[in-house]
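Here the structure comes first, spelled out in structure tokens, and everything after it is commentary.
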Amino acid sequence: MRKRESLYLHALFVLVRREFEDERDLAAGPFDEYDGTAVGPTAVHRPKAAHERALFALSTELSATAASATDDTERPRPDAEGSNQYAR
């Protein structure tokens with residue numbers, strides 16, 4: 001992945017993180033590893049490897065947070081008729 005692509009993906013993941021923090025009451029510190037990297041998406045002069053480490057840390061923590069959030073909520077399952085309503 002090129003550095004520009006890493007920066008773009010990093011910025012998108014930070015936006016997803018903000019949405020998680022705004023919409024869910026998260027436990028303290030689900031993003032500690034990412035925060036410890038001290039590399040933000042606007043730090044364009046940092047090396048590509050630093051952005052990739054931060055991106056991987058953030059993606060891991062986002063996926064863990066999303067998995068725990070979906071485990072806590074029960075979603076209704078669509079029945080067989082409603083699951084494919086456009087295939088008629």
Practice task
Go through Glu21, Glu5, Glu33 for me and flag whichever is acidic (Asp, Glu), assigned to a helix (DSSP H, G or I) and surrounded by 15 or more Cβ atoms within 10 Å (Cβ to Cβ).
Solution key: Glu33
Completion exercise
When Thr60 is run through (1) assigned to a loop (DSSP other than H, G, I, E, B); (2) without any contact (Cβ under 8 Å) to a residue 40 or more places away in the chain; (3) in contact with a helix residue (DSSP H, G or I) (Cβ under 8 Å, 6 or more places away or on another chain), the failure sits at (1)
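Values quoted throughout were computed directly from the atomic coordinates according to the rules given, and no laboratory measurement underlies them. These figures come from a predicted structure and were not determined experimentally. In this analysis, Cβ positions are derived from the backbone assuming ideal geometry, glycine residues included, and neighbour counts consider all displayed protein chains.
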